[in-house]
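> Let me begin by handing over the structure; questions about it come next.
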Amino acid sequence: MSARDETEYNYLSYKSKKLADFLGLQDQKIALKWIAKIDGYQSANSDLSQMRVDLMKNFLDVLKNEVFFRVLATKKAADFGESDKARLKMEIERAGDIGAEFPLINSVYKPDSAASHFMSIWSKDKKTYIAAKPLGGQGALVYLAVTSNPELGWDLPDPSLGHFQHPSHKCSP
């Protein structure tokens, strides 16, 4: 491995470990396990060394997206505008940099409490609804609903009847 590849890899590995600090304890252990596995891929072959660096870059991108969406899934971040989202992305990008601070993330996000939050998003045309609930270190429960005509409303379960009720104005997006 060239000195340049090793330096770049160490930097990416360090940034990944810093981003893992924003995850809950279970997810943090999983992330650190994968970082350790990637650390174990050593080779004198320059192509394999570059693949190791590329793998760590991809893993770092996964961690950045995970932290970004976990922060956005909190109730306090529900009112974030585009400028707040841009600031959040900048804070995440700076993870691992010397002197990096995270005032926006720290003001709205606590890793272990965020794992129970529920997140949902409507498409702009209101034809698609996606909801997700993290399952603490075991993945996520994801629900996707699609309609060709959102004006008809959405069927919602009626707990008293044990089945779905007819669409109403209450469940329209």
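The values are calculated or read from the model by the stated rules, or taken from the named source; none is laboratory data. The model shown is predicted, which means the values in this text are computed figures rather than measured ones. Note: ideal-geometry Cβ built from the backbone for every residue, glycine included; neighbour counts use all protein chains shown.
> What helices (runs of 4 or more DSSP H) lie completely within region 1-84 and have 3 or more residues being among the acidic types (Asp, Glu)?
3-20, 46-72
> With the requirement that a residue be out of contact with any helix residue (DSSP H, G or I) (no Cβ under 6 Å at 6 or more places or on another chain) and not hydrophobic (A, V, I, L, M, F, W, C), what does region 1-12 give you?
Result: 2, 4, 6, 7, 10, 11.
> Considering region 74-95 alone, what residues qualify as being buried (at least 20 other Cβ atoms within 10 Å of the Cβ) and either farther than 22 Å from residue 8 by Cα or not assigned by TED's automatic domain parsing to the domain that holds residue 25 (or both)?
77, 88
> Sticking with this structure for a sec: Among the residues of region 101-125, which ones are surrounded by 14 or more Cβ atoms within 10 Å (Cβ to Cβ), in a loop (DSSP other than H, G, I, E, B) and modelled with pLDDT under 80?
Scanning region 101-125 gives 115, 117.
> For region 1-24, how many residues meet the condition of being of a type in the set (Gly, Ala, Ser) and either modelled with pLDDT under 85 or exposed (fewer than 14 other Cβ atoms within 10 Å of the Cβ) (or both)?
Residues that pass the stated criteria total 3.
> Would region 25-34 turn up any residue that is crowded, with 17+ Cβ neighbours inside 10 Å, within 20 Å of residue 140 (Cβ to Cβ) and touching a strand residue (DSSP E or B) at 6+ places or on another chain (Cβ under 9 Å)?
Yes, region 25-34 has at least one match.
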